[in-house]
Every structure is written in structure tokens, then in C-alpha cells.
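Novice: Before anything else, here's the structure in question.
The values are calculated or read from the model by the stated rules, or taken from the named source; none is laboratory data. Values in this document were obtained by computation on a predicted structure and should not be read as measured data. We place every Cβ from the backbone using ideal geometry, glycine too, and count neighbours over all the protein chains shown. For accessibility, only protein heavy atoms count, side chains too; no ligands or nucleic acids. Shrake-Rupley method; radii C 1.70, N 1.55, O 1.52, S 1.80 Å.
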Amino acid sequence: MRDGGPTGSFQGVGILRALIIDDERLARNGLRRLLRSHDNVEIVGEAANPDEAIRAIHKTCPDVLFLDVEMPGCNGFELLEKLEDVPVVIFTTAYDEYAVQAFEVSALDYLVKPITPERLAASLFRAQKAVATFSRDSASKTAGESVLHQIFVRDGDRCWIVRLTEIPLMESEGSYTRLHFSGNAPLVYRSLTAIEERLEPKAFFRANRSQIINLNWVETVENELDGRLVVKLRGGKDVEISRRQSRRLRELLSL
Amino acid sequence: MHGRTSTPEKSQAAQIGGNKAYYAIQLAAWSLCGILQYVLSPGSSAVSVVTAAAWCGTGMLGTHFLRWYANRRRLNAVQQLVAPFAIAALVIPAAMNAALLASSTLLFHNSIAVMHVVLALYVRGVLVVSVWCAVFLTANEANRRRMAETEALRLALVAQVSQFRALRSQLNPHFLFNCLNSLRELVDEDRDRAKQVIDLLSELLRYTLRADRVETVSLREELRAVNDYLSLEKVRFEDRLHIRFDIDPQSLEAKLPPMLLQTLAENGVKHGIARLPAGGELEVVSQVQQGSLRVEVTNTGTLSTAPHASSALGLGNARERLRMMYGECASLILTAKDENRVCATVVLPVRSKGLGS
């Protein structure tokens, strides 16, 4: 599995486990044929529609998805919305009207069909780098469920594939969670607790009942008179830590 | 000018023609004025001829200069012209009088500089030049209106033409690139099939290029293109696309705008078959009924998923094209045929020979 695998180091030429999702057989075969010349890519499966794709993703846990944006049933974005943890995504499309959209979701890359070997090679290189950093992110994974790397979120017409490491603050809003990152604050249809279960414990910290902070984004920590802590996150947000969690945070940061 | 709509080139020519007309009228009018002046003037006939010629000649030159000045300064509206014309109506007669007096004094040493005579002449001059100004203003205003009308017509025509061009449906680039992508794999997988695809694609491309130049094609030609198009989609969708044609032989020579059925077929594939994991059938049925050509393009799918923004646009364009060509005589409607079939129906008048648009 990607998460527990020994592919943490950058130099270790990890095998990229790829899943091809496209409703056209010829398109899938074409991509398969192109990937054949890349020794570091292993094709773990193919899917012709979103349902097959979701099953295949759960079964094979691929590192990278080659995802056709236009598919019967739902389009590629809707598919991503159904995934809890989103792998590295390379969109494929016959026409670049969706490519612009793909950029907004900060997908790793997109390939226009017909795909040229050069463009594919460049994409794979980037995918490999991204997967390597993922493994580094989750170096201290606990037992049980695997650690989340990326979440797909949508807010109206805009959508993002956002790396967990890029999120300084998560806030509970009823049974949903609001993610705060680079000036955006979209809502994810999952509870904060559900997300918390799959967060890297060394990086994320429960500040209070409704907020989780990313410790890598902490700028300053201040003592309040009543013994509680207030954390200032890079980007400007102040977060009050509850009394109980303040004690834990002190221990953690050995203040 | 004569109730005929003129093309822009003609309207420009009319302005130049107007120039010629101006010279003719200017010369004729001032000559007439000179003759009258001669008739009305007392004294010896030689003196009268020369002085009348000097008087009117100066008037003619003066008003010509006035016109030149107005053109030069691009004075066109009545409001702009009133002031210079009023001044001219006072100044030009003075010049005319001066010329008359000078000619009679210099040539004949015959001074007629009697106050009341000069004054009467001046008033006459003012009258003549005022009439000239009035005529000029009226003609100018009429010309201006006509030009504005012509320009409005021309703009409307340009808008119409460009709208019509924009409405011509072209091959969807998405479709083209998907085709090329399939082709790329087929070259390795099945060379003969790849060759077939190249042939189909060339035929279809040629047809779309031709569609840019002709207003109508026969149903036979359009169906061939639709068949090429669907065969290409079949390469992509394989078993997910089934094609059926049910064509009334009588309808084959009926005329219709090119790419109309192709657009409908493409809509059916894009919003129907392509959205269904299991695919479906696309059926084209044509018949001639009571002087109308009726074509139905039916695809598997539901209407609720069909009215997507781009679908509405595609059909909207086709509808607008029909309206421009046939007015209210043609129709294009999209209906749910049953629970899982959507049908686009076109009805067009069958044009008989010799009957123009």
C-alpha cells in the first residue's frame, strides 16, 4: 500500500501504481500502450465508468488516477467528490474547456487527447514527485486507518483538490467541516470528527470542540491569564485553545 | 433616392453623382440669375451683359466657396451651417455689388454708384444668396437622412450575415479530438479500421467545409454525412452506440440546411448515449408529408438530462437558422418520446423548383 510502503525517500524509485478511468476502450488501451514504455508505472486497473472506478480505487488504492473528465453517469469531478482520500490526479480530456477547470481544482496535471509521449512523461515525473512527498507527509502513520493526503472540495463553481498540509485550520459547522486555506473556506460534507480520525496526528491538533489546527502553520503561541493558550496561525487567524487541550499542547511543544 | 435600396458602394457613388449634379445646378441657376439680371438692368446692353456676368459670377464663386468651406470644415448639421450661411448671405451680395461696380467703372467708366440702385441690388443679392442657402440646406439635409438610412440598412445586413455565419453549426472540436485519439490507438490495434476512420473523417470534414458555402443540401447528402459522423462515434462508443435509419425514399431529394441533422445527431449522442454507461440507440426517420419534410432524430436518454446549457445552445442555433431561412414555415422541437427516449423533430417545407427563397 502506498501509505505504509517503503517508498518514503525521494531517491527510491517508487513504482507508481496507476488506475486508468475512461469510458472509451480505445482511449484506455491507448494510454495503457503509452504507459508500457515507463518501467516505473504499474497499471493496477481500469474503469469504464464512475461506479467501476470507485470500486477499483477502494480495492487497489492507486497512487495516481488518469481520469477522463467526461464520463457517463457523472463527470470526473463528481467522481472525486465521492472519494474520501484523493490520490494524485491527472485529468485527461479531448478538449481543453475542462482543462481550465482542472487547473482551478489544482489537479496535478491534465493531458489533452491524443496524448503525446512527451507530455505523458512530464506528467509522470510530476506525479512521482507528488507521491514521494505524500509518503513523507505521513511518515508517522498510526495503526488503523490510513492517513488522508488530499481532499476534494467544491464551493459553487469552484473546486479544489487540496493537500492536507496546506490547510492551517478546520472548523466544525454542524455535521460539516469548513476548511480554511489560502483565502478560501469551502465546506466539506464530512464531520470534523470523521476527518480527525484520518489526520496525521503529529501535524494536526484539536484546539477546542470545534477547531483543528495544523501545527506546521503555527506562528506564535501566547499565554492567556486564565492559563489557556492562544495560537496565531500563519495567514492571520487566532485560535483559542481549550483549557484541557492547552495542557496537552504545552506538553507537545514542551513549553 | 428612387425608392430602391442601394448597396453601400452605390450610396457612395450617389454622393459623387451628387457632386456632378451640384455643378450642373450651380451653373444653370447662376446663369439663369445672370440672364434675369441682364434683362432687369437698365442702360446699354454691353454694359448690362458684363455687369450682370460680374455680379452673378461673383455670386457663383462666393457660394461655391461657401460650399467648399462647409465641406472642408465638415459642417453637416443644419445648426452648424446656419451661422456661416447667414454671414455669407450678407457678405457675398456685398462682394457681388463690388464686382458689378468695379466692372462697370473700370471697363466703361460708367459709374452707376447711385445709392438707391446699389441698395436695391444688394437686397436682390441677399435674396438670391438666401435662396441658394435654403436650397443647399434642404438638399443637404435630405442627403444626410438618406445616408443615415443606408448606413442603418447596411449595418443591419452586416449583423444579419454575421449572425447567420455564427449560427452555422460546425464540427465540435471535442468530437474531432476524440476521433483523433481513437485513431491513434487504432493505428496499432487495427490498421484497416484506422484507414476506414481516416476516410470517414475526411469525408465528413469535406462536407462541413462545403456546408460553409451552400445554403441547402439534399437530404441524401446530409444523411451521408450523418452516417459518417455516427460511424465515427461508433468507433469510440463501440457497443454502446446502435444506429438505425428509416428513410422514406421520396424524401431523399428534399432540401435542408447543411449540418442540421448532424447537429441533432450530435446532440443525441452527447446528451443521450454518452451519458449512459450502457449506451443506447440513435434512430433517424424521415418522411415527406403534405409538402413538408419531417425528420425525427431519436436517442436513448431522458429529457431531464438533455436541456443542458450547451444542448440548449446547439438547438437554439439550429432553430434560429431555420427561422432565418424559412420564417414560421419550419419548426424544430425536442420532446420525450417515452420514458427513456428523446426525440428531436424537424419539419421543413419542401421547396419546389423555380420557387426562390
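Novice: For the range B:231-250, what are the residues that are in a helix (DSSP H, G or I), closer than 17 Å to residue B:278 by Cα, in contact (Cβ under 8 Å) with a residue 12 or more places away in the chain and of a type outside the set (Phe, Trp, Tyr)?
Specialist: Selection gives B:233, B:235, B:236, B:239, B:240.
Novice: Further question: Going through the range A:147-180 one residue at a time, which ones are closer than 21 Å to residue A:209 by Cα, in contact with a strand residue (DSSP E or B) (Cβ under 6 Å, 6 or more places away or on another chain) and assigned to a strand (DSSP E or B)?
Specialist: The answer is A:169, A:170, A:171, A:176, A:177, A:178, A:179, A:180.
Novice: To continue, here is another question. Output the number of residues of the range B:59-111 satisfying the condition of being of a type in the set (Phe, Trp, Tyr), open to solvent by 40 Å² or more (accessible area, probe 1.4 Å) and within 40 Å of the chain's Cα centre (by Cα).
Specialist: Residues in the range B:59-111 being of a type in the set (Phe, Trp, Tyr), open to solvent by 40 Å² or more (accessible area, probe 1.4 Å) and within 40 Å of the chain's Cα centre (by Cα): 3 in total.
Novice: If a residue must be surrounded by fewer than 16 Cβ atoms within 10 Å (Cβ to Cβ) and within 14 Å of chain B (Cβ to nearest Cβ), how many such residues does the range A:38-73 contain?
Specialist: Count: 4.
Novice: Just checking, how many residues over the range B:251-276 are open to solvent by 10 Å² or more (accessible area, probe 1.4 Å) and either in contact (Cβ under 8 Å) with a residue 40 or more places away in the chain or in contact with a His (Cβ under 7 Å, 6 or more places away or on another chain) (or both)?
Specialist: Summing the residues that are open to solvent by 10 Å² or more (accessible area, probe 1.4 Å) and either in contact (Cβ under 8 Å) with a residue 40 or more places away in the chain or in contact with a His (Cβ under 7 Å, 6 or more places away or on another chain) (or both) in the range B:251-276 gives 6.
Novice: Do we have residue B:253 as more than 14 Å from chain A (Cβ to nearest Cβ), part of a helix (DSSP H, G or I) and under 34 Å from the mean Cα position of the chain (by Cα) here?
Specialist: Numbers: more than 14 Å from chain A (Cβ to nearest Cβ): yes; part of a helix (DSSP H, G or I): no; under 34 Å from the mean Cα position of the chain (by Cα): yes.
In short, no.
Novice: Within the range A:14-27, can you find the residues that are in a helix (DSSP H, G or I) and either out of contact with any strand residue (DSSP E or B) (no Cβ under 8 Å at 6 or more places or on another chain) or more than 9 Å from chain B (Cβ to nearest Cβ) (or both)? Walk me through how you get there before you give the answer.
Specialist: So the first thing to find is which residues in the range A:14-27 are in a helix (DSSP H, G or I), and the list is A:25-27.
Within the range A:14-27, A:25, A:26 qualify.
Novice: So for the range B:152-163 (the condition being more than 14 Å from every other protein chain (Cβ to nearest Cβ) and open to solvent by less than 30 Å² (accessible area, probe 1.4 Å)), does at least one residue qualify?
Specialist: No, every residue in the range B:152-163 fails to be more than 14 Å from every other protein chain (Cβ to nearest Cβ) and open to solvent by less than 30 Å² (accessible area, probe 1.4 Å).
Novice: Further, regarding this structure: Six or more apart or on different chains, Cβ atoms under 9 Å: show the pairs whose first residue is in the range A:112-126 and within 11 Å of chain B (Cβ to nearest Cβ) and whose second is in a loop (DSSP other than H, G, I, E, B) and open to solvent by less than 10 Å² (accessible area, probe 1.4 Å).
Specialist: A:112/A:94; A:113/A:94; A:114/A:94
Novice: For residues that are under 41 Å from the mean Cα position of the chain (by Cα) and open to solvent by 70 Å² or more (accessible area, probe 1.4 Å), scanning just the range B:181-204, find the one that is nearest to the other protein chains (Cβ to nearest Cβ).
Specialist: B:198
Novice: Residues that are basic (Lys, Arg), under 24 Å from residue B:331 (Cβ atoms) and open to solvent by 50 Å² or more (accessible area, probe 1.4 Å): does the range B:229-246 have at least one?
Specialist: yes
Novice: Among the helices (runs of 4 or more DSSP H) lying completely within the range B:107-225, list those that include at least 1 residues that are within 30 Å of residue B:249 (Cβ to Cβ) and of a type in the set (S, T, N, Q).
Specialist: Passing ranges, in order: B:191-211.
Novice: Could you grab the pairs with beta carbons closer than 6 Å, sequence gap of 6+ or different chains, first residue in the range B:208-228 and in contact (Cβ under 8 Å) with a residue 60 or more places away in the chain, second one part of a helix (DSSP H, G or I)?
Specialist: Taking only residues 6 or more apart or on different chains, the pairs are B:219/B:251.
Novice: Are any residues in the range B:269-290 more than 14 Å from every other protein chain (Cβ to nearest Cβ) and not in a strand (DSSP E or B), and if so, which ones?
Specialist: B:290
Novice: For the range A:181-205, what are the residues that are open to solvent by less than 50 Å² (accessible area, probe 1.4 Å) and basic (Lys, Arg)?
Specialist: Answer for the range A:181-205, where residues must be open to solvent by less than 50 Å² (accessible area, probe 1.4 Å) and basic (Lys, Arg): A:190, A:198.
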